[in-house]
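A short worksheet on the structure shown next.
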């Protein structure tokens, strides 16, 4: 595994890291590793999967699909009874 040295960390950030480490019963080094891991590996994309797929294949040319006619949603008998009340 590699190592990382971070210089010129603001004192307030270092103090918050120290407090977070103490609350989680970890060393500051382990707390920093966990924060980096969580942020970099568990970061969610702001775009939905459909948008990401469209962007990935946009350079290959698009396909125009026909519009699908949709029926109105069906409701259960219980939902219809609730509407009548």
- Task: Just order 64-75, 3-14 by mean Cβ neighbour count inside 10 Å, highest at the front, would you?
- Result: 3-14, 64-75
- Item | Sites residue 26 and residue 47 - FRET efficiency at Förster radius 41 Å, r taken between beta-carbons, to 0.05 | 0.75
- Query: When log10 I(q)/I(0) by the Debye sum over Cα atoms at q = 0.14 Å⁻¹ is calculated directly from the model, which label among [x] -0.42; [y] -0.75; [z] -0.47 fits?
  - Reply: [y]
- Query: What is the fewest-to-most order of 28, 1, 23 by other Cβ atoms lying within 10 Å of their Cβ?
  - Reply: 1, 23, 28
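Computed from the coordinates by the stated procedures, all read-outs in this text should not be read as laboratory data. This is a predicted model, so every value here is computed, not measured. Every residue, glycine among them, receives a Cβ derived from its backbone with ideal geometry; neighbour counts consider all protein chains shown.
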